[in-house]
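Notes to accompany the following structure.
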Amino acid sequence: MAWNSITENEIADVKTDKKTAKSVEKYMISKKAIYFEGKYLPISRIQSVSIHDSTYNPHCCCGRGIPVKKLKIEYGADKPLLLMLESEKNANRLYDLITEAQGT
């Protein structure tokens, strides 16, 4: 699978970097990038990260939704990257992995 950056910045060796990534639900994070849906965001581009409560409506209709957490990642684009996670524990874990990667 070819991984494409969502920014103009690219990682030199994506294949090697991805092998070091840790999984949190359907996302993977390494010291250099967050991988999702065949794309990646370089950690170096991340400006801020925050966790928000949200709901997921699987059938796109009104009524009760499933409570989820969303990580809002600002990286200098018009729209932030929103990553949906099922549990607060996983949202906090992904947040911690991102902030840890930013510090290295």
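A quick yes/no check of all residues on (1) among the hydroxyl-bearing types (S, T, Y); (2) open to solvent by 80 Å² or more (accessible area, probe 1.4 Å); (3) modelled with pLDDT of 95 or more:
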residue: I6; (1), (2), (3): no, no, yes
residue: E10; (1), (2), (3): no, yes, no
residue: K26; (1), (2), (3): no, yes, yes
residue: H52; (1), (2), (3): no, yes, yes
residue: I66; (1), (2), (3): no, yes, no
residue: Y75; (1), (2), (3): yes, no, yes
residue: K89; (1), (2), (3): no, yes, yes
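Can you tell me which residue within region 29-41, out of those that are surrounded by fewer than 19 Cβ atoms within 10 Å (Cβ to Cβ) and without any contact (Cβ under 8 Å) to a residue 40 or more places away in the chain, is nearest to L83 (Cα to Cα)? Walk me through it before giving the result.
Quick first cut of region 29-41, residues surrounded by fewer than 19 Cβ atoms within 10 Å (Cβ to Cβ) only: 31, 36-39.
Among the residues that remain, those that are also without any contact (Cβ under 8 Å) to a residue 40 or more places away in the chain are: 37-39.
Numbers: E37: 11, G38: 14, K39: 13 Å.
Of everything passing the filter in region 29-41, E37 is nearest to L83 (Cα to Cα).
Tell me whether region 80-87 contains one or more residues that are part of a loop (DSSP other than H, G, I, E, B), within 11 Å of the chain's Cα centre (by Cα), surrounded by 18 or more Cβ atoms within 10 Å (Cβ to Cβ) and among the hydrophobic types (A, V, I, L, M, F, W, C).
No: region 80-87 contains no residue that is part of a loop (DSSP other than H, G, I, E, B), within 11 Å of the chain's Cα centre (by Cα), surrounded by 18 or more Cβ atoms within 10 Å (Cβ to Cβ) and among the hydrophobic types (A, V, I, L, M, F, W, C).
Restricting the first residue to region 79-101 and requiring it to be without any contact (Cβ under 8 Å) to a residue 40 or more places away in the chain and within 18 Å of N57 (Cα to Cα), which pairs with a second residue that is open to solvent by 40 Å² or more (accessible area, probe 1.4 Å) and hydroxyl-bearing (S, T, Y) meet a Cβ separation below 7 Å and a spacing of at least six or different chains?
Correct list of pairs: M84/Y56.
Tell me, please, whether a residue that is under 17 Å from E100 (Cβ atoms) and without any contact (Cβ under 8 Å) to a residue 60 or more places away in the chain can be found in region 53-68.
No, every residue in region 53-68 fails to be under 17 Å from E100 (Cβ atoms) and without any contact (Cβ under 8 Å) to a residue 60 or more places away in the chain.
Counting just the residues of region 12-24 that are among the hydrophobic types (A, V, I, L, M, F, W, C) and either open to solvent by 80 Å² or more (accessible area, probe 1.4 Å) or over 20 Å from L82 (Cβ atoms) (or both), which one comes out modelled with the lowest pLDDT? Steps first, answer last, please.
We begin by selecting, within region 12-24, every residue among the hydrophobic types (A, V, I, L, M, F, W, C); these are 12, 14, 21, 24.
Now narrow it down to the ones that are either open to solvent by 80 Å² or more (accessible area, probe 1.4 Å) or over 20 Å from L82 (Cβ atoms) (or both): 12, 14.
On the way: A12: 88, V14: 93.
Top of the filtered list is A12.
Here are some conditions: (1) farther than 23 Å from A21 by Cα; (2) surrounded by 16 or more Cβ atoms within 10 Å (Cβ to Cβ); (3) of a type outside the set (F, W, Y). H59 meets all but one. Which one does it not meet?
Here H59 meets the rest and fails (2).
Taking strands (runs of 3 or more DSSP E) that do not extend beyond region 1-79, which have at least 2 residues that are closer than 17 Å to Y95 by Cβ?
Working: elements: 22-24, 27-29, 33-36, 39-42, 48-56, 66-74.
Here the list reads 22-24, 27-29, 33-36, 48-56, 66-74.
Within region 4-28, can you find the residues that are within 25 Å of K69 (Cβ to Cβ) and either in contact (Cβ under 8 Å) with a residue 60 or more places away in the chain or hydrophobic (A, V, I, L, M, F, W, C) (or both)?
Scanning region 4-28 gives I6, T7, A21, K22, V24, E25, Y27, M28.
Looking at this structure, is L94 crowded, with 17+ Cβ neighbours inside 10 Å and under 11 Å from the mean Cα position of the chain (by Cα)? Walk me through how you get there before you give the answer.
Values: crowded, with 17+ Cβ neighbours inside 10 Å: yes; under 11 Å from the mean Cα position of the chain (by Cα): yes.
Judged against the criteria, L94 is a match.
The values are calculated or read from the model by the stated rules, or taken from the named source; none is laboratory data. For clarity, every value in this text was computed on a predicted model and none was experimentally measured. A quick note on method: Cβ atoms are made from the backbone with ideal geometry, for glycine too, and the neighbour counts reach across all protein chains shown. Just the protein is used for accessible areas: all its heavy atoms, side chains included, with ligands, DNA and RNA removed. Shrake-Rupley method; radii C 1.70, N 1.55, O 1.52, S 1.80 Å.
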